[in-house]
Amino acid sequence: MNFFKSTLLLLIPGLISPVFLAQNIITLDNHFEDWVGAQTWTSNTGGNINEVSVAHTNEWVYFYIKTTNEVALDETTLPNSIQLVIDFDNNPGTGSNYQGLGLGAEMVINFPTRAVTLFNSSGGSSGPGINDVGVHVSPVYSATQFEIAIDRSLVNLGDGVMNFVWYESSSGSEIPSGGGTHTLTSFNPAITPTAIEKAPGTEIRVAFWNVNRRLDEPVAQLSAERILSATQPDVIGFSEVDDVTAAFVTGLLNSWMPLPGGTSWNVVKDDYDLMIASRFPIASTYPAISRQLPGIISTEAVWGVPMLFTSSHLKCCNGDVLRQQQADEYMAFQRDAMTSGGSIDIPVGSPIVYGGDLNMVGLGGPIYTLESGNIFDNGQYGADFQPDWDGTPMLQLDARQTDRLMDYTWRSDWSSYMPGKLDYILISDGVIDVLNQFTLQTSDLSPARLSQYGLLAGDDLAASDHFIVVADLALTGGTSQQDSDGDGINDSIDNCPDLANADQNDFNADGIGDACSDFDNDGLSDELEIQVLGTDPSIQDTDGDGLTDGIEVSLFITDPLLYDTDGNGFSDAEDLLFAGTSTCAGDANGDGTVTVSDLLVILSTFGNIC
């Protein structure tokens, strides 16, 4: 028996037919809380699917399914025969009475084979590719819950009542039995785009990017430069860079994102296709871990401790066994790093960041291992453990797209596979906070946002078939979160932590803010000289009159920009030394008394050659 339920259904006899007054706003991100209250059917007829839901916007129609047994929906890794049958116009007289289900089906999606069949009004069929009809699924690995989105514009699915059924050909089960109707409208929820610039308080921005072996292609380079210039990561995990050297990428980054003071990016490559690029020194790397490159990043200047950062590219496609082995191998390495002894030790509380192209398709075990520390092959890789310092799992970041409520990071419109989330970031959230996170698909940005960030709409797929994934991090509860001077800049990144300077101006890029720097040691801050006095902060005596700028301003009240303030033909220093108006020995400034001021006048000329 099938049961229909919804908290949004309103029945007013004689006035209004069943209608949904509100719609759930669905984010395709492998989280399902946003389906609560959606139009839902459950089943106990014995098929694997036991619950389905539906929702929509003016652009998408969304489906949710829950199964009793784990399946890999769009593959045959775990065999299934799940199909979605949709009657666009709720008219059994048009389309096809597919499998005798009683619907006039205009479209059938066979998920394990990723095949689509479209039927015209008279029942004739055609078979476009699954990407031609805009199908998206999350997750793209095995699970018991999935959410699906279909692009309404690509299948001409207009407003009105549609009918649908989920069908399992192996058992003949269907849900909703006889079909379930849903009214499509022009519901157009506002989406607040994610800011691409670093979040306030960000201490280190990390990014991971599979660049599809294109960093040596001129067109791709232009797009990659714009994307990296817009995102400005501090540490990057690259994959599919086997066609270029570390020195080559160092040159690109130094050109695209030059560092202060003429310092260079640090780039290390393994013997496969992985790199770590960092603004910070890279103390060591461990390339022996299969298809994963852990590195110790010297982040002590910001966090007081180093960061364990790992760039990964797990086995692709049908390599389920190898992906699991690689996840097990890395987690054994991380367990070693977190415990005393063995081949590596990191200080307690050191932030841990792991990510890259994990190729999470097929079986879902590897991502579970990387999150939980539950190692599949304990005999070879040792005991399970809690991989965060606070005794909890690692946190997998959602990192949904900046301008679309979806989480996919890979897209190839010519592939037989749907877009999916293949690129991940996992962090030890027991010691670091996430201030912002996103995947950047530039084709979704408005013209205004493209202009704001210096991007072009086609940059994403020109640079790679994977999108860059980004996270802004800050140490949890540490001194790096303090703001001693209350200027809105945390101490860890404040170039003048004891004196408010929200502008962070630093005229000579020496790392010390102008507000608390006296570069020329003349007794005046660089900020005062630049913004108020107009004197040169790199020269003690701007006007060359023999008196330092500080002494002129604070002691003698002469103009530090004029060699001869009183216009008598003598420099300010000469006026003070040889005023000739006093008969009192030692009265260097001619004020009739011998004081400390006279001593300072004499000292200010000490060493002059006459």
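Derivation of every value follows stated rules applied to the coordinates shown; laboratory data play no part. From a predicted model like this one, the values you see are computed outputs, not experimental measurements. Don't worry about glycine lacking a Cβ; one is built from the backbone with ideal geometry, like all the others, and counts go over all protein chains shown.
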Item to check | Residue order, fewest to most surrounding Cβ atoms within 10 angstrom, among 119, 385 | outcome: 385, 119
Next on the checklist: Between segment 381-430 and segment 232-279, how far is it from one alpha carbon centroid to the other, in angstrom?
Outcome noted: 23 Å
Next on the checklist: Can you compute the equivalent ellipsoid semi-axes for segment 204-481, i.e. the square root of 5 times each eigenvalue of the Cα gyration tensor, sorted largest first and rounded to whole Å?
Outcome noted: 28, 22, 18
Next on the checklist: Using a 7 Å offset from the Cα along the Cα-to-Cβ direction at both residue 564 and residue 532, what is the distance between the two label points in nm, to one decimal?
Outcome noted: 3.0 nm
Checklist entry - Which FRET efficiency value, to the nearest 0.05, do you get for residue 156 and residue 190 by plugging their Cβ-Cβ distance into 1/(1 + (r/R0)^6) with R0 = 25 Å? => result 0.50
Checklist outcome for this item: Sorted by chain and number, the residues with a modelled amide H under 5 Å from that of residue 362, at a separation of 5 or more or across chains, are 142
Checklist entry - What is the gain in length, in nm to one decimal, between residue 343 and residue 181 on full extension, counting 0.36 nm per residue of separation less the C-alpha to C-alpha distance? => result 52.3 nm
Item to check | Too-long pairs where the Cα-Cα distance tops 25 Å, listed order kept, from 269/315; 66/315; 198/269 | outcome: 66/315; 198/269
Item to check | Neighbour-limited loop hits for chymotrypsin sites (Phe, Trp or Tyr not before Pro), segment 184-239 (at most 11 other Cβ within 10 Å; DSSP other than H, G, I, E, B) | outcome: none
Item to check | Positive-end residue of 42, 337, 374, charge dipole of the chain with Cβ unit charges | outcome: 42
Next on the checklist: Is the C-alpha gyration tensor of segment 381-440 telling us rounded, prolate or oblate? Criteria: a/c under 1.5 is rounded; beyond that, a/b larger than b/c is prolate, otherwise oblate.
Outcome noted: oblate
Checklist entry - Given the rule -39500 (n - 2.57) for each run of at least 4 DSSP H residues, summed and divided by the residues of the chain, what is its mean residue ellipticity at 222 nm, to the nearest 500 deg cm²/dmol? => result -4000 deg cm²/dmol
Checklist entry - In the P(r) worked out for the chain, what percent of Cα pairs fall beyond 39 Å? => result 46 percent
Next on the checklist: Using +1 at the C-beta of Lys and Arg and -1 at the C-beta of Asp and Glu, which of 408, 93, 244 has the Cα lying farthest in the positive direction of the dipole of the chain?
Outcome noted: 93
Item to check | Shape of segment 2-184, Cα gyration tensor, a/c cut at 1.5 | outcome: rounded
Item to check | Cβ-based exposure ranking for 516, 496, in which fewest neighbours within 10 Å come first | outcome: 516, 496
Item to check | Convex hull volume of segment 466-577 per residue (C-alpha atoms, cubic angstrom) | outcome: 129 Å³
Checklist outcome for this item: Footprinting proxy, 133, 85, 348, 155: sorted fewest to most Cβ within 10 Å, the residues are 348, 133, 155, 85
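At a threshold of 8 angstrom on Cα-Cα distance, excluding pairs fewer than six apart, so keeping six or more, what relative contact order does the chain reach in percent? Show your work: numbers first, answer last.
Numbers: 1388 pairs, mean separation 62.0, N = 610.
With pairs under 8 Å counted, the relative contact order is 10 percent.
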Checklist outcome for this item: Computed ³J(HN,Hα) along segment 425-440: with the Karplus parameters 6.51/-1.76/1.60, θ = phi - 60°, integer Hz and x for glycine or proline, the list is 10, 10, 9, 8, 6, x, 10, 10, 9, 9, 9, 6, 7, 6, 10, 10
Checklist entry - By how many nm would the segment from residue 283 to residue 232 lengthen if fully extended, with 0.36 nm per residue of separation less the alpha-carbon distance? => result 16.2 nm
Next on the checklist: Rounded to the nearest 20 debye, what is the charge dipole size of segment 2-184 about its Cα centre when +1 sits on each Lys and Arg Cβ and -1 on each Asp and Glu Cβ?
Outcome noted: 320 debye
Checklist outcome for this item: Along principal axes, largest first, the alpha-carbon spread of segment 82-142 in whole Å comes out as 37, 20, 17
Next on the checklist: Using the Cα centre of the chain as origin and beta-carbon charges of +1 (Lys, Arg) and -1 (Asp, Glu), tell me which of 299, 176, 283 is placed farthest towards the positive end of the dipole.
Outcome noted: 176
